[in-house]
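Below: one structure, written as structure tokens.
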Amino acid sequence: MFTFIDRISDLFGRIAAWLFFLIGGIIVFEVIARYVFLAPTIWGEEMSRFLQIWATYLAAAYVLKNRQLIAIDVVIDKMPELFRIICESCALLVIAIFSLVAFVYGFEIAFESIRIGRATSTMLAVPKWMTEISIPIGFGLMLLQTAVELVRTITRSSDLKSKAH
């Protein structure tokens, strides 16, 4: 099960990387269209924003899996291993709680947008749910990855205890 969740996080991380690459291409195209040909697009800015939202939420679990979240560990690194494991477990619990809240409310907001037909206020009038649904999807995967990382952290703690005896 852990490997399956890791693979999904890796897949979404790769998709996010390609989305960021695509955003760069869209922005370069928009700059050339606007300043060289004096013909800006009506879709460039909104599509790059749309893709950035998706890329960010899809990459979150991958970043957690690879332990690349921003962390200030100057003090933690000097503490005993058990203290580090406790701190890491507490941090993962906070991430899990936040992910659960974002997951639940994200679905509520996206379904409300579907129900009332909310759309962006741009010329494209993209349905809002198309970006809003990225929040529960991203945080749902983040919640699963956090559970995996918490089990790994606790397992590491029990491995330390068994080595001490």
**Report entry** Answer residue from segment 55-99, given it is β-branched (Val, Ile, Thr) and in a helix (DSSP H, G or I) and is surrounded by the most Cβ atoms within 10 Å (Cβ to Cβ) among those
**Finding:** 95
Query raised in the report: Conditions: (1) within 14 Å of the chain's Cα centre (by Cα); (2) closer than 21 Å to residue 146 by Cβ; (3) modelled with pLDDT of 95 or more. Residue 20 meets all but one. Number of the miss?
Result: (2)
Query raised in the report: Looking at 32, 42, which one is out of contact with any Pro (no Cβ under 7 Å at 6 or more places or on another chain), more than 30 Å from residue 61 (Cα to Cα) and not in a helix (DSSP H, G or I)?
Result: 42
Query - Given (1) over 27 Å from residue 147 (Cβ atoms); (2) without any contact (Cβ under 8 Å) to a residue 40 or more places away in the chain, index of the condition residue 7 fails - result: (1)
Report task. Select from segment 53-80 the residues that are among the polar types (S, T, N, Q) and more than 11 Å from the chain's Cα centre (by Cα) and write down the one among them that is modelled with the highest pLDDT. Result -> 66
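Answer yes or no: is there a residue in segment 31-47 that is within 13 Å of residue 138 (Cα to Cα) and of a type in the set (Phe, Trp, Tyr).
Here is the first cut: in segment 31-47, the ones within 13 Å of residue 138 (Cα to Cα) are none.
No: segment 31-47 contains no residue that is within 13 Å of residue 138 (Cα to Cα) and of a type in the set (Phe, Trp, Tyr).
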**Report entry** Unmet requirement for residue 117, which otherwise passes all of (1) on the phi > 0 side of the Ramachandran plot; (2) crowded, with 17+ Cβ neighbours inside 10 Å
**Finding:** (2)
Requested in this report: Pick out the one residue from 83, 29 that is modelled with pLDDT under 95 and more than 23 Å from residue 133 (Cβ to Cβ).
Outcome: 83
Report summary line: If you go through 151, 104, the only one that is out of contact with any strand residue (DSSP E or B) (no Cβ under 8 Å at 6 or more places or on another chain), part of a helix (DSSP H, G or I), among the hydrophobic types (A, V, I, L, M, F, W, C) and more than 21 Å from residue 62 (Cβ to Cβ) is 104
**Report entry** Output for segment 115-148, where each listed residue is part of a helix (DSSP H, G or I) and among the charged types (D, E, K, R)
**Finding:** 115, 132
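The values are calculated or read from the model by the stated rules, or taken from the named source; none is laboratory data. Here the structure is a predicted model, which is why all the values come from computation and not from measurement. FYI the Cβ positions are ideal-geometry reconstructions off the backbone, even for glycines, and counts take in every protein chain you see.
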